[in-house]
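Chemist: Here's a structure for you.
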Amino acid sequence: MATRSLLGKVSPLITVALALFVAWSVIGADPAPNDRSDRIGKQIRCPACEGESIAESPSSYATDMMDYVRDLVGQGLSDQQVLDRLMASYPDSQLLDPPVRAATVLLWLLPAAALVAGAGLAVSRLRKNPPRSPTEKGHA
Amino acid sequence: MLSLAGTLTVWAGLFGSGWLTIAAWHSARQSPAVTDPIPTLRRPLLIMVLAAVGSMAVLIAALLANDFTVSYVANHHSRHTPFPFNIATAWAALEGSIVLWGLVLAAYAYAVWRRVTTRQDRPDALDRGALAVIAAVGVFFFGLMVTVANPFEVCIEAAARSCSSSSPFPFSEAVGPSDGAGPNPLLQNHLLMAIHPPLLYLGYVGMTVPFAYGISALALRRPGARWLRRSGAWTRISWVFLTSGITLGAWWAYEVLGWGGYWAWDPVENASFMPWLIATAFLHSSLVQERRGMLEAWNFVLVIGAFSLTILGTFLTRSGVIASVHSFTQSAIGPALLGFLVLVVVGSFTLFAARATQISSPPRLESLSSREGGFLLNNLLLSVYAMVVLTGTLYPLVLQAFTGSEVGVGRPFFDRMTVPLSFALLLAMGLGPALPWRVARAKVVWPRVHLPLQIALGVGALVVMTTTRIGYVVLAVVAGSWVVAVAAHRLLSQARRAALARQTPVRKQLGRVIRSDRGFWGGQIAHAGVALVAIAIAATSNLGQSLDRVDMSPGDRIEFAGYELVHTGVATVRNPNRLTSSAQIQIWRNGQPQGWVEPSLSQFPALALPIATPGIHRSIREDLYLSLTRIDEQGVTLRAATAPLQWVLWLGGLTCAAGGFYSLVGRKRRRARFSQLPDAHPEG
């Protein structure tokens, strides 16, 4: 019994230690292990093939564009500079990641509104006078 | 001849489903407590079912007989289409897929009828009303078949390899081409393509049944949990089909499309994923109503939403409204499907609003930290998830339709929005089953989750030390292990308690515990499947390596990701419907030969560009995925990629479906227990 209660005391410490170790390792890691060119390429729609990005499409058009992206990345341009250079000759619709504009703001707002409305509805369903219970918690 | 037979079957289907709608609705309204086993409905139902089977049979017969006077055959079939793709052509194109819709719907109608006439308590108004709604949906689809999507039109003017003009009148003079161009080459490349669409349709169309019960309950003013209990098994059946259909669809894309991915957030993929999300939310929230009488109104919203999304999916897939890698069809059927969608949404929600006063104000939640609170969180996350997918899918269309301006919404948008939601769902999925109903006290919950949490973090630490420190992967592994560990811990502690009480070994109790509550444990199996899927997605999308383009001549040897690839030669095979050139690549690892793969390019006569078929070398550790972009006398241009734990994705998807199936098998016993509980709304 004595070992058991000792274990009971040490156990939460082990949990915290493990959590800290995992969190620390992850935070210390390179957050973007993928190739930068690949990441940029995934944001641009391949003009010759519907729906696929230039990083994914095997078509020659896409591979040529990817070569250009690698070239620009090799010259030391930032992600945004590479994108700007490429998108100078293409319409915004070729971006798979829509930029925030007046026309696209709803795209971000609708899901956010659904989240807020849903959470509000759920909280409003809470009983106003909870039954007598000492550990009653009202948080989400 | 076959045109005439086919035309007769679709008209018979329209007649049968119309008759069934009227008769079933009439009997639902008239007799609240009749004792007859609805014999009056047998005849129209049989007409509808036989007509649906007949129309598919005639279509397949026309394909097998190479009857190019039938317009559908002329446009989508060729003499050289091999088995089984000649049969699969029957549902590969637009008109045929509508015939499949009708067939699956008729099958469900028959199955529901069988179920309500063979179970112990007699079919009541709720069942009849549901049959009426199913039949009404049938009226629409058979209506499509006799008008805008008639596969049995007679070809009256032939082009070289297709039909340029056709007539719906079966006695018109038939002039068919001597051969057709055949189905889309992508659709005759892999056996999965013959299986995946019917599975998906079984899932899509199956959502009609819970919808029909919901509408029947609303229209007949019979809210309460009875409609949920009647339709619960059907929701599960269609969910299992939908889950396996989506998994096999992703698998097909991976095996056939040759870009190495399995999910592109393509509108057609999204179209199948949205009903899945809402159906999943519905499965969970219906439990809350059955158990606690809460969320009654919300369940109506979800079931209407799930069905509407299947119609939206059919519209997106089959109207050609979106040109995407999947949209093989273009037609004038779009307005009809869109109109039906609007009718369903507006009609259902109007009915819902009209009955709102009769839907009881639910008992209030005692605490958000409870099993109910967990389900509420699950519903919130899944609904927002579906909202994200819906917005991202429709936004470009709506914006273009109304303002003419174009905007692209693709993977980066969907990933950014859904990845946090997915992780939140995963964490909630582990916690939820550990929470008791009503109020969860830390004293109760902590012992249930502490050890699993330690195990999950331990697995995470192991991954950090041995494999990777990439946050997404580590988090997916920790969250996935946590989900599995909570369920396993629960199982073990229940079995241990039972073993202690009965003085038997623990392992003998494991099976008994799992069998004792199939609904719960089936759910846990499905959760484990989702956990596997999450881990596999994180691994394949973060840990893979790729080599974009490399030219190889026969005899060349390259090194990639710890493999050595040796190009040993080229083989060309001429099939009746294609010319396939494949490269033989020998795979070596650590100085040991691992085998050959043969990525290939196929040239179809109907297409300018060749179709690439990848060659995949599989191992427990990862898939090595090779595809060609060029092949000729000088050699090949190769793309290579590794996909770690790719097989876990397929395993996870199928485990998820298996969990749903398991919860179905033993439902009868569970239902018997439920029916002893007093109904929230006693009828009569």
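Chemist: Which residue pairs have Cβ atoms under 9 Å apart, sit 6 or more places apart or on different chains, and have a first residue in the range B:465-476 that is in contact (Cβ under 8 Å) with a residue 24 or more places away in the chain and at the interface with chain A (Cβ under 7 Å from one of its Cβ atoms) and a second that is outside any loop (DSSP other than H, G, I, E, B) and surrounded by 19 or more Cβ atoms within 10 Å (Cβ to Cβ)?
Modeler: Note: pairs meeting the criteria are B:470/A:26; B:470/B:538.
Chemist: Would you check which residues across the range B:251-272 are out of contact with any His (no Cβ under 7 Å at 6 or more places or on another chain), more than 13 Å from every other protein chain (Cβ to nearest Cβ) and either over 22 Å from residue B:391 (Cα atoms) or surrounded by 24 or more Cβ atoms within 10 Å (Cβ to Cβ) (or both) and list them?
Modeler: Once the filter is applied, which keeps residues that are out of contact with any His (no Cβ under 7 Å at 6 or more places or on another chain), more than 13 Å from every other protein chain (Cβ to nearest Cβ) and either over 22 Å from residue B:391 (Cα atoms) or surrounded by 24 or more Cβ atoms within 10 Å (Cβ to Cβ) (or both), the range B:251-272 yields B:251, B:271.
Chemist: Please indicate, with yes or no, whether at least one residue in the range B:388-397 is crowded, with 20+ Cβ neighbours inside 10 Å and in contact with a Gly (Cβ under 9 Å, 6 or more places away or on another chain).
Modeler: Yes; the residues of the range B:388-397 include at least one that is crowded, with 20+ Cβ neighbours inside 10 Å and in contact with a Gly (Cβ under 9 Å, 6 or more places away or on another chain).
Chemist: Residues being modelled with pLDDT under 80, more than 7 Å from every other protein chain (Cβ to nearest Cβ) and surrounded by 15 or more Cβ atoms within 10 Å (Cβ to Cβ): count how many of those fall in the range A:49-69.
Modeler: Residues meeting the conditions: 2.
Chemist: Yes or no: the range B:293-304 includes at least one residue that is assigned to a loop (DSSP other than H, G, I, E, B) and not aliphatic (A, V, I, L, M).
Modeler: Residues of the range B:293-304 that are assigned to a loop (DSSP other than H, G, I, E, B), as a first pass: B:293-295.
Then keep just the ones that are not aliphatic (A, V, I, L, M); that gives B:293.
Checked against the condition, which is being assigned to a loop (DSSP other than H, G, I, E, B) and not aliphatic (A, V, I, L, M), the range B:293-304 yields at least one hit.
Chemist: Need pairs with beta-carbon distance below 6 Å; first residue under 17 Å from residue B:261 (Cα atoms) and within the range B:597-620, second acidic (Asp, Glu) and in a strand (DSSP E or B); sequence gap 6+ or separate chains.
Modeler: B:616/B:623
Chemist: Under the condition of being at pLDDT 90 or above and basic (Lys, Arg), which residue from the range B:488-510 is surrounded by the most Cβ atoms within 10 Å (Cβ to Cβ)?
Modeler: Among those that are at pLDDT 90 or above and basic (Lys, Arg), it is B:490.
Chemist: Condition first: modelled with pLDDT of 80 or more and facing another protein chain (nearest Cβ under 7 Å). Now tell me which residues in the range A:118-140 satisfy that.
Modeler: Hits for the range A:118-140 are A:118, A:119, A:122.
Chemist: Considering each of A:72, A:86, A:115, A:107 in turn, give the residue that is surrounded by 15 or more Cβ atoms within 10 Å (Cβ to Cβ), at pLDDT 85 or above and more than 11 Å from chain B (Cβ to nearest Cβ).
Modeler: Matching residue, one of A:72, A:86, A:115, A:107: A:72.
Chemist: Looking only at the range B:391-412, which residues are out of contact with any helix residue (DSSP H, G or I) (no Cβ under 6 Å at 6 or more places or on another chain), within 11 Å of chain A (Cβ to nearest Cβ) and part of a helix (DSSP H, G or I)?
Modeler: B:394, B:396, B:398, B:399, B:400, B:402, B:403, B:411, B:412
Chemist: Sticking with this one: Considering (1) buried (at least 17 other Cβ atoms within 10 Å of the Cβ); (2) under 26 Å from residue B:315 (Cβ atoms), say which one residue B:189 fails and leave the rest.
Modeler: (2)
Let's see how each residue does on (1) aromatic (Phe, Trp, Tyr); (2) buried (at least 16 other Cβ atoms within 10 Å of the Cβ); (3) in contact with a helix residue (DSSP H, G or I) (Cβ under 6 Å, 6 or more places away or on another chain):
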| residue | (1), (2), (3) |
| --- | --- |
| B:335 | no, no, no |
| B:368 | no, yes, no |
| B:373 | no, yes, no |
| B:377 | no, yes, yes |
| B:380 | no, yes, yes |
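Chemist: Here are some residues: B:416, B:448, B:441. Which one is facing another protein chain (nearest Cβ under 9 Å), more than 18 Å from residue B:263 (Cα to Cα) and modelled with pLDDT under 95? Break it down into steps so the answer makes sense when it comes.
Modeler: Details: B:416 fails: more than 18 Å from residue B:263 (Cα to Cα); B:448 fails: facing another protein chain (nearest Cβ under 9 Å).
Of B:416, B:448, B:441, the one residue that is facing another protein chain (nearest Cβ under 9 Å), more than 18 Å from residue B:263 (Cα to Cα) and modelled with pLDDT under 95 is B:441.
Chemist: Sort out which residues of the range A:89-104 are under 25 Å from residue A:37 (Cα atoms), facing chain B (nearest Cβ under 7 Å) and either part of a loop (DSSP other than H, G, I, E, B) or free of Cβ contacts under 8 Å to residues at least 24 places away in the same chain (or both), and write them in order of number.
Modeler: Within the range A:89-104, A:91, A:92, A:96, A:97, A:98 qualify.
Chemist: Moving to a separate point now. In the range B:247-261, what count of residues is obtained for those that are at pLDDT 90 or above, touching a Phe, Trp or Tyr at 6+ places or on another chain (Cβ under 6 Å) and farther than 15 Å from residue B:639 by Cβ?
Modeler: Total meeting the criteria: 2.
The values are calculated or read from the model by the stated rules, or taken from the named source; none is laboratory data. Computed from a predicted model, the values in this text were never measured in an experiment. Virtual Cβ from ideal backbone geometry, glycine too; neighbours counted across all protein chains shown.
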